[in-house]
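Just so it is clear, none of the values below were taken in a lab; they were calculated from the coordinates. This structure is a prediction, so every number in the text was calculated from the model and none was measured. Methodologically, a virtual Cβ is constructed for each residue, glycine included, from the backbone with ideal geometry; neighbour enumeration extends over all protein chains shown.
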Amino acid sequence: MQIEWEILKNVLELMGRLGLFCLAIAISPFVGRFLPRLIWRCLQLTQRYINIDAQHAYDQFIKPFQNLIAIAGTFLFVAISLNLLVQYEELYQFLGFFVYSALSITLAWIALRISRQLIRRTVISLVQRWFGGVSEVVLIFETLIYVAIIISAGIIFAIGLRLNITAIVASLGISGVAIAFGAQQTLSRLFGTLEIYLDRPYRPGEYIRINFNPYDEDAYGRIESIGLRSTKIRLVATNTITIVPNSLMADKRIENVSRGKKIVAMICLDFLRILDHGERALVKEVIQESSQVFWGFNKASIHVQFCGSDQQSGTRARIIFFISSVDESSLGLRKRLLELANSSIAHKLAAYNLKFTTPEPVVYIDSPMSL
């Protein structure tokens with residue numbers, strides 16, 4: 001008799017809990033419909049303590065999705081009511097699979113819709129303000145948000161079913177390590193892209209100087225575009241586009257020429273006779289070697305052009321120096337170094353018995369650095 005009474009008691013308790021759970025399911029739609037109104041009350045209360053426009057926030061991010069929010073509120077109330085059956089593990093797991101699946105999917109869908117609305121109305125304007133235009137950074141930000149939302153939905157589902165999250169994370173960690181090892185290069189480029197977008201060492205349209213080979217000269221170029229994987233640079237010397245992975249750009253020392261003070265210094269040397277090809281090559285070599293001794297000048301920033309002089313029996317060498325600096329004092333130092341370089345050039349050319357005159361002083365021209 002005692003055993004039968006215990007069985008009867010358990011059956012009655014189960015029937016009572018199932019009855020309460022069914023009642024909760026019946027009233028859950030009404031609770032769900034009340035949730036948007038509850039959010040509106042919370043926004044009004046928050047407005048008293050924080051400087052926000054509750055009406056604007058509600059109209060932009062709550063009212064367009066109030067039906068979805070009501071559905072989520074319905075499933076949330078059902079999920080809370082499911083705790084009445086938590087002591088019946090098999091029944092709880094069976095019903096919880098459907099309840100928490102619906103809840104996590106609904107919450108993820110609402111979060112995706114609201115985040116998309118937020119990105120279109122807020123993030124895009126911030127990107128336009130920071131970067132001057134909408135670029136792939138919006139896609140990166142949007143993708144990261146979507147991934148975070150999906151992971152959060154999975155965590156809600158696992159917590160609802162009382163799964164061992166530690167074991168799941170450990171197994172996912174092992175799988176993640178394997179995937180990360182296989183996609184190491186892709187991840188490196190992705191983090192390089194994020195670093196470039198956050199640090200902003202250059203922008204499209206700016207000129208930079210960078211060295212890809214320590215045994216070769218620096219490369220000058222104009223930034224054409226910054227993509228998710230790589231940066232496109234139009235090289236000045238060849239007018240061709242080179243595509244460099246963002247991971248490599250993030251590790252290099254970059255000199256942003258467009259953000260400094262820029263001038264073009266030009267000086268003309270009129271030789272008293274016509275120079276042959278060998279003598280022209282010698283003059284060019286002397287100019288480059290003499291200028292490189294002084295800080296701030298290299299082959300890439302020195303151009304030498306030969307043409308006929310005003311006198312028919314001579315050759316004119318037009319020397320163009322591209323000088324960049326961060327401020328006026330440093331620019332003045334560069335000009336002084338240029339004068340020393342010109343003096344060194346004159347002494348060396350005199351040693352080779354190449355006589356010349358300078359019809360005009362050094363001309364300094366402000367340049368927008370269109371190299």
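When you filter the trypsin sites (Lys or Arg not before Pro) in region 6-85 for DSSP loop state and at most 15 other Cβ atoms inside 10 Å of their Cβ, you are left with Arg48. The alpha-carbon of Lys63 sits under 17 angstrom from the alpha-carbons of these aspartates and glutamates, leaving out residues fewer than 8 places away in its chain: Asp53.
Listed cross-link partners Lys232/Lys284; Lys284/Lys348; Lys284/Lys335 are compared with a 22 Å cut-off, the Cα-Cα value being larger for Lys232/Lys284.
Among the chymotrypsin sites (Phe, Trp or Tyr not before Pro) within region 1-79, which fall in a DSSP loop and have no more than 14 other Cβ atoms within 10 Å of their own Cβ?
When the chymotrypsin sites (Phe, Trp or Tyr not before Pro) of region 1-79 are filtered for loop state and at most 14 Cβ neighbours within 10 Å, Tyr49 remain.
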